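Undergrad: Have a look at the structure that comes next, please.
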Amino acid sequence: MEFVIKISQFLLSLSLLIVLHELGHFIPAKLFKTKVEKFYLFFDVKFSLFKKKIGDTVYGIGWLPLGGYVKIAGMIDESMDKEAMAQPPQPWEFRSKPAWQRLIIMLGGVTVNFILAYFIYVAISFTYGDTDVTTDSMKDGFWIENKLLLDVGFKNGDKILAINDEKVDTYYDVRKNLVNGEKYSIERDGKQKEIVLPKDFLGQLSSAERKNGTFKLRIPFMVGSVPDSSVNAGADLKEGDILLSVNGRELRYFDQVESRLDDYKNQSVNATFLRDDEKINRDLKIDAIGKVGIFPASHNSRFAELGYFNIIHKDYTFLESFGGGVDKFSEQVSGYFDQLGKIFTPSTGAYKGVGGFKAIFDVFPDQWIWQDFWSLTAFLSIMLAILNLLPIPALDGGHVVFLLYEMISGRKPSEKFLERAQVIGFFILIALVLFANGNDIFKAMTN
C-alpha cells in the first residue's frame, strides 16, 4: 500500500508538471498562429496508450513516462523531422515566425513552471501557514546518528548555534543551510566549539547511507501501533502512549531506546508510560536482538505540549499569502541554484548526489499528506524550469541561446547547424539521464 501511495503521488505530480510545461509552449504557439502537430504526456515511442486528433493537433498519452512534448511544425526538435524541414517554409510554421515570437514560445514552458510554483507556495501559505521549531527550546540538542556527521566531529545532543557565522534560530534554518553549511558553531556540555566540514562533505553525504538522516529533532518513544506478531501484542498499549522509563531508569528520548534495551535481550522489563496525563506501568518483553516489536509514532504537537521543544506558527491572511509565496519561491530558487553550483564544482563531490527518477520517487512520503505533496510539486516545478533553462541544445535553454544570438546579431543560424546542435544536445541529455539514473542504481546496490 505504501508503494501505491508513493507511485501515485509521483505520477500525479510528474504528469501535472509535464502537461502544464508543454501547455506553456502550446498556448503562445497557438496565439501566434503556429501549427502544433502533437501534444503528448509521456513519450509515444512506436505506439500510444491514447491519442485523438482535434483540429490540426493530435493529443495523446505515451507509454514511456520520461517526460512529454509538443511537436511544433517547422521547428528543429527531438523529432528530427528532416523531411518536413526540407520543404519550403510555410507561414504557419515556427521557422517562419519573427524571432521574438519564437523566443516567447520557447520560454513559455519554464515560465508556466515558475508561475505554478509561486502560486502553489501562495496557496500553501494561506492554507497551512508556516510551522517551525525554535532551536533554543531544544534543551538537549539534535538527534544525530548519521555516521558521516559523527565522523566529522558532531555528537548526539549537540546544539547548533550558528552556521557560517550566521545565528540559527529555527530547525528550518539548519535544514536549509545543509548545502552551503561549511562551518558550524555548536554547544556541547555547556562549552562552545566549531566544526569545519571537509570540502567534499556533500559528496561523502551523497555516497553514505541515508536511512539515519542528518540533524533530527530529539523526540520521545511514542507508541504508534503494536502488531499482532509482536512479542508485546498483549501488553495493553495504545497509540500515543509515551515511554518514560525502563526498570526505573529515565528514558527521555527515542535515540536512547536502542542502547538501553540492548542490556535486556531475551528478558522482561518494567516500563512506565505516559497515557494522556496519567502514568501507567507495563511489563515489556525484549527479543533476542533488543527489540520490543512496537512501531513508533510522531506527533510534534504532543511533544511540544510535553516540553520537548517549542513550535512556532504563523498564519497568513489572503493578501499576506502572496508575500509568503514570494519568500518561499525566491528561497527555493536561490537554494536550487546553490545546489547546481555545488554539483558543477567537482571538488565538492556533490555530483555524486545527482539522482534520476528513483531519487524523485523516493522524496515522496509513504503517506498522502497534501501539504507535503504540493510542497514537493512546487519544488520539482522549479527544478524542471531551471534544468530546462540550461544552455544545452535540445533543451529550451539551448533554443533560447540561438534565438538570442539571432536577435542580437541579426543572423539566423542555418538549419543544418541547428540540426547538428540538436543531435549533440540529445546525446548530452542521454548521458546526463544515464549518469543520474546510474547513480540511483549504484546507491541501491551499495546501500
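The values are calculated or read from the model by the stated rules, or taken from the named source; none is laboratory data. What you see is a predicted model; the values in this text were computed from it and never measured. Neighbour counts run over all protein chains shown; Cβ positions are idealised from the backbone, glycine included. Heavy atoms of the whole protein, side chains included, go into the accessibility calculation; ligands, DNA and RNA do not. Shrake-Rupley method; radii C 1.70, N 1.55, O 1.52, S 1.80 Å.
Undergrad: Answer with yes or no whether PHE442 is out of contact with any strand residue (DSSP E or B) (no Cβ under 6 Å at 6 or more places or on another chain), exposed (fewer than 13 other Cβ atoms within 10 Å of the Cβ), modelled with pLDDT under 85 and part of a helix (DSSP H, G or I).
TA: Here the answer is yes, as PHE442 does meet what is asked.
Undergrad: Looking at SER259, SER206, SER229, SER268 in this structure, which one is over 30 Å from the mean Cα position of the chain (by Cα) and either within 15 Å of GLU145 (Cα to Cα) or open to solvent by less than 30 Å² (accessible area, probe 1.4 Å) (or both)?
TA: Values: SER206 fails: over 30 Å from the mean Cα position of the chain (by Cα); SER229 fails: either within 15 Å of GLU145 (Cα to Cα) or open to solvent by less than 30 Å² (accessible area, probe 1.4 Å) (or both); SER268 fails: either within 15 Å of GLU145 (Cα to Cα) or open to solvent by less than 30 Å² (accessible area, probe 1.4 Å) (or both).
SER259 is the lone residue from the list that is over 30 Å from the mean Cα position of the chain (by Cα) and either within 15 Å of GLU145 (Cα to Cα) or open to solvent by less than 30 Å² (accessible area, probe 1.4 Å) (or both).
Undergrad: Mind listing whichever residues of the range 407-435 are in contact (Cβ under 8 Å) with a residue 40 or more places away in the chain and under 31 Å from the mean Cα position of the chain (by Cα)?
TA: Initially, the range 407-435 is screened for residues in contact (Cβ under 8 Å) with a residue 40 or more places away in the chain, giving 407, 412, 415, 418-419, 422-423, 426, 433, 435.
Result: GLN422, VAL423, PHE426, VAL433, PHE435.
Undergrad: Assuming VAL45 fulfils every condition listed in (1) at pLDDT 90 or above; (2) open to solvent by 30 Å² or more (accessible area, probe 1.4 Å) apart from one, which condition is it?
TA: (1)
Undergrad: Take the residues of the range 66-90 that are open to solvent by less than 60 Å² (accessible area, probe 1.4 Å) and among the hydrophobic types (A, V, I, L, M, F, W, C): which is modelled with the lowest pLDDT?
TA: Selected residue: MET80.
Undergrad: Among the residues of the range 91-116, which ones are of a type in the set (S, T, N, Q) and free of Cβ contacts under 8 Å to residues at least 40 places away in the same chain?
TA: SER96
Undergrad: With the requirement that a residue be at pLDDT 85 or above and in contact with a helix residue (DSSP H, G or I) (Cβ under 9 Å, 6 or more places away or on another chain), what does the range 403-417 give you?
TA: Of everything in the range 403-417, those that are at pLDDT 85 or above and in contact with a helix residue (DSSP H, G or I) (Cβ under 9 Å, 6 or more places away or on another chain) turn out to be LEU403, LEU404, GLU406, MET407, ARG411, LYS412, PRO413, PHE417.
Undergrad: Counting only residues that are touching a residue at least 24 places away in the same chain (Cβ under 8 Å) and surrounded by 18 or more Cβ atoms within 10 Å (Cβ to Cβ), which one in the range 180-194 is nearest to LEU340 (Cα to Cα)?
TA: The residue in question is TYR184.
Undergrad: Out of the residues in the range 305-351 that are surrounded by fewer than 16 Cβ atoms within 10 Å (Cβ to Cβ), among the small types (Gly, Ala, Ser) and at pLDDT 95 or above, which is farthest from TYR128 (Cα to Cα)?
TA: By that ranking, first place goes to SER330.
Undergrad: Out of curiosity, is ILE219 buried (at least 18 other Cβ atoms within 10 Å of the Cβ), in a loop (DSSP other than H, G, I, E, B) and either β-branched (Val, Ile, Thr) or at pLDDT 95 or above (or both)?
TA: yes
Undergrad: Additional query: Of a type outside the set (Gly, Ala, Ser), within 25 Å of LEU340 (Cα to Cα), out of contact with any Ser or Thr (no Cβ under 9 Å at 6 or more places or on another chain) and open to solvent by 70 Å² or more (accessible area, probe 1.4 Å): is that true of LYS176 in this structure?
TA: Yes; evaluated as a whole, the condition is true for this residue.
Undergrad: While we're on this one: List pairs: first in the range 272-298 and farther than 17 Å from ALA233 by Cα, second assigned to a loop (DSSP other than H, G, I, E, B) and of a type in the set (Val, Ile, Thr), Cβ under 7 Å, 6+ apart or cross-chain?
TA: SER298/ILE219
Undergrad: Residues in the range 8-18: is at least one touching a residue at least 12 places away in the same chain (Cβ under 8 Å), under 27 Å from ILE76 (Cβ atoms), in a strand (DSSP E or B) and open to solvent by less than 50 Å² (accessible area, probe 1.4 Å)?
TA: Scanning the range 8-18 turns up no residue that is touching a residue at least 12 places away in the same chain (Cβ under 8 Å), under 27 Å from ILE76 (Cβ atoms), in a strand (DSSP E or B) and open to solvent by less than 50 Å² (accessible area, probe 1.4 Å).
Undergrad: State all residues of the range 153-179 that are closer than 13 Å to LEU205 by Cα and touching a helix residue (DSSP H, G or I) at 6+ places or on another chain (Cβ under 7 Å); if no residue qualifies, say none.
TA: Residue satisfying the conditions is VAL179 alone.
Undergrad: Continuing with this model, one more query. Taking the condition at pLDDT 90 or above, over 24 Å from PHE126 (Cβ atoms), hydrophobic (A, V, I, L, M, F, W, C) and in contact with a Gly (Cβ under 9 Å, 6 or more places away or on another chain), does ILE392 pass? Lay out the reasoning, then the answer.
TA: Working: at pLDDT 90 or above: yes; over 24 Å from PHE126 (Cβ atoms): yes; hydrophobic (A, V, I, L, M, F, W, C): yes; in contact with a Gly (Cβ under 9 Å, 6 or more places away or on another chain): yes.
Answer is yes for this residue.
Residue by residue, here is whether (1) touching a strand residue (DSSP E or B) at 6+ places or on another chain (Cβ under 8 Å); (2) at pLDDT 95 or above; (3) among the basic types (Lys, Arg) holds:
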{"site": "ILE115", "(1), (2), (3)": "no, yes, no"}
{"site": "THR134", "(1), (2), (3)": "yes, yes, no"}
{"site": "LEU149", "(1), (2), (3)": "no, no, no"}
{"site": "ALA162", "(1), (2), (3)": "yes, yes, no"}
{"site": "ASP165", "(1), (2), (3)": "yes, no, no"}
{"site": "ASP173", "(1), (2), (3)": "yes, no, no"}
{"site": "ASN177", "(1), (2), (3)": "yes, no, no"}
{"site": "GLY181", "(1), (2), (3)": "yes, no, no"}
{"site": "TYR184", "(1), (2), (3)": "yes, yes, no"}
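Undergrad: Follow-up. Taking the range 410-422 only, how many residues are open to solvent by 40 Å² or more (accessible area, probe 1.4 Å), within 13 Å of ALA99 (Cβ to Cβ) and not basic (Lys, Arg)?
TA: Adding up the residues that qualify gives 1.
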